[in-house]
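One structure is given below, encoded as structure tokens.
Derivation of every value follows stated rules applied to the coordinates shown; laboratory data play no part. Just so you know, these numbers come straight off a predicted model, no measurement behind them. Because the Cβ atoms are built from the backbone with ideal geometry, glycine has one as well, and the counts that use them run over all protein chains shown.
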Amino acid sequence: MKQEFQLTGVQADSAFFRFEERNEFAPELVMDVLRGRLLGVIFHDVIPEDAKKETVARFWGSPGLLRRDGEPSYCIGSYHWNKSTERYLEDAVKTADSVLNVLDVPNSPWHSFRSAMAEELARYGAGIRIAEHEGAQASAALIRAWDKEGSFALDPHEDEAQCKDPRQAGFEIQRAADHEICAVNMCVEQEEGGRLVVWNIRPDDDSRRALGIEHTGFSYPAETLEEFDVMHLDIRSGDVYVFNGRHVHAVDTCKGKRTNVSFLMGFVDERSVVTWT
Ligand SMILES: [Fe+2]
């Protein structure tokens, strides 16, 4: 890559560029992330032991477990990244039973999160639901275990560019790009390392085009990020964390298994928060 390349975009002020950390779930802080008032929040050790164990057992024992090569990991579920809407929704249907089997555990963190957010959003006359397109539903979650070697288990990227893919024109998730795009992660298994890394830069389209990642946001070479403020956040098994995915982020090196239940989430209008994967 050319030496003179300069990554440009928006840098947030210090009032925004920070994580809140709590030992119990607080839906109002998730609202702050959804509303663009806060970069992120980590709720430590909020997933019950039995739910973690059962989720992990069902994940690794699932006949639906797939190997994903582009972004080395094991996963169950579908992702819209770099696909047409039709292809994504077809994949979502095919994987739905396997996904629901992993989510429907006793004391499920997925169900707990959504019911708590539904209650919080109802105070503002809003709701949360899975994204839809012409009667078909997005995936409820993507369950992933990263195992890529190198300095990052998941390379630096952002979650906004993928919401501008012309192959997904008309899919309601594209309207989330007018609000905030929030990544929700529930860590059910964690051995060593695997911190969440977030840089204080929301890249612009010129930078994406120059890097050839206009509609994928994946990935940003480490040297393009050196000049920006960065945060490293320790994540442990049992943690639920939510952050603004428009900022470049990564998972750094980990040893062993790091398994997460995840989805993306955002307002698409004043009354609706939708989720997708
Ligand atoms: Fe991401």
Quick one: if the Förster radius is 51 Å, what FRET efficiency do Lys94 and Glu226 give, using the C-beta to C-beta distance and rounding to 0.05? 0.80
So how do 32-42, 111-121 stack up, highest first, on mean other-Cβ count within 10 Å? 32-42, 111-121
Starting at the first residue of segment 255-263, write each ³J(HN,Hα) from the Karplus equation 6.51 cos²θ - 1.76 cosθ + 1.60 with θ = phi - 60°, in whole Hz, x for Gly and Pro. 10, x, 9, 9, 10, 10, 9, 9, 7
Taking H as built 1.01 Å from N, whose amide H comes closer than 5 Å to the amide H of Ser272, not counting residues under 5 places away? Gly127
What is the chain by shape, rounded, prolate or oblate, if you read a ≥ b ≥ c off the alpha carbon gyration tensor as root eigenvalues and call it rounded for a/c under 1.5, prolate for a/b larger than b/c, and oblate otherwise? rounded
For segment 15-73, rounded, prolate or oblate, judged on the Cα gyration tensor with a ≥ b ≥ c (square roots of eigenvalues), a/c < 1.5 rounded, else prolate if a/b > b/c? oblate
Any chance you could run the full-extension gain for Glu214 through Arg195? It's 0.36 nm times the residue separation minus the Cα-Cα distance, nm to one decimal. 4.2 nm
Full-extension gain in nm, Asn101 to Ala26, via 0.36 nm per residue minus C-alpha separation: 24.3 nm
Would you compute, from DSSP H runs of 4+ residues alone, the mean residue ellipticity of the chain at 222 nm, taking -39500 (n - 2.57) per run and dividing by the full residue count, rounded to the nearest 500? -6500 deg cm²/dmol
Applying the gyration tensor rule to the Cα atoms of segment 127-212 (axes a ≥ b ≥ c; rounded if a/c under 1.5, else prolate if a/b exceeds b/c, else oblate), the class is oblate
Using only alpha carbon pairs under 8 Å that are at least six residues apart, calculate the relative contact order of segment 1-118 and give it in whole percent. 21 percent
What residues qualify as long-range amide H neighbours of Cys254, i.e. H under 5 Å apart, gap of 5 or more or another chain, H built at 1.01 Å from N? Ala153, Gly194
